[in-house]
Amino acid sequence: MGAFFHAVAVFFHHLAEVRWDALALALACQLAKLAFRSLAWRAILKAAFPGVKLRLRTAFGAYVAGVGVNSVVPARGGDAVKLYLVKQRLPEASYATLAPTLAVETLFDAVVAGGLLIWALSLGVLPTKQVYARIPTVDWSFLFRHERPALAVLGVLAAGLVAGFVWARRRWRRFRAHVAQGFAILGDRGRFVRGVIVPQAISWVFRLGGLYFFLEAFGVRATLHNALLAQVVDSLATLFPATPGGAGTKQGLIVYVFRHQAVSASLLLAFSVGMNIALVVENLVLGLICIALMARTVSFRNLRARSRTAEEQATAR
């Protein structure tokens, strides 16, 4: 995180050079992207719960609220907020069905992001051996040096697995039916293409458009090629969500990926941090507005407590 705070200082040094008109266009693209992504998620939810009326504003509000929380909370904590807010509007829904809808919503993204990563690897711009060489190895000798505690921990884990297996076996059929319901839209290819892939493809156009305008706003050469490279950096940072919004990870990657271009490291850091701050502020403000309107609270702690209580009550039934 030290590199991130250094990058923040660099960003404020370049703040006077920001093109605010391009920045406004980038933020508008982000809002349009969220709208089309929530449209795709609504189609998935409607397929999972046929006959149930789900307003677009409900799907949009829940989706944007989750994105806002994810922008400041690591490890995808906002996904629980999405599910909770939708569950309040669909009392008959179960979390076992709602959770898979988020997985379906990422399928097209995985294909596109995977294609972009392959493209970036073919250009040789991604760190490969340098990263692998720094991955620490597992020191298994620790277990042999502490044999008794290790055996005790393994015994507890084994007992937990057995108890979990017995519990899951009793509820497996019902659980499997709920999970399969969340993937219902995959059984209708036409509906999946029209309702999910088409709006998500449009959202990718706005995503790349936003990156293009962010590049322009911070004085980095704005081209489709550079926008794609910036997206690759964002995808890599998303794979390891150890910090909110990938802070720190993105800044190191952006300098590495653009290393063959005639762009100063300070300008790249200003672009990366500036874009990160702008998106976090926009996502957080929109998310808080949606949470306040839908849940009548802006406290994430209260929201998380409510979500946990609702989940426990649903499990007990």
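Nothing in this text is a laboratory measurement; each read-out follows from the coordinates by a stated rule. Because the structure is a prediction, the values reported are computed rather than measured. Note that we place each Cβ from the backbone using ideal geometry, even for glycine, and neighbour counts take in every protein chain shown.
A few remarks follow.
- Projecting the Cα atoms of 90, 78, 34 onto the charge dipole of the range 32-96, computed from C-beta unit charges around the Cα centre, puts 34 farthest toward the positive end.
- Residue order, fewest to most beta carbons within 10 Å, for 82, 53, 46, 33: 53, 46, 33, 82
- Coupling constants for the range 111-125 follow from the phi torsions by the Karplus curve (6.51 cos²θ - 1.76 cosθ + 1.60, θ = phi - 60°), and in residue order they are 5, 5, 5, x, x, 5, 5, 4, 4, 5, 5, 5, 7, x, 9 Hz; glycine and proline get x.
- The local environment of residue 25, defined by Cβ-Cβ distances under 10 Å, has a net charge of -1 under the rule Lys, Arg +1 and Asp, Glu -1.
- Spatially proximal lysines relative to residue 250 (Cα-Cα < 24 Å; intrachain offsets below 8 disregarded): 33, 129
- This ranking places 119, 204, 41 by how few other beta-carbon atoms lie within 10 Å of each, fewest first, which gives 119, 204, 41.
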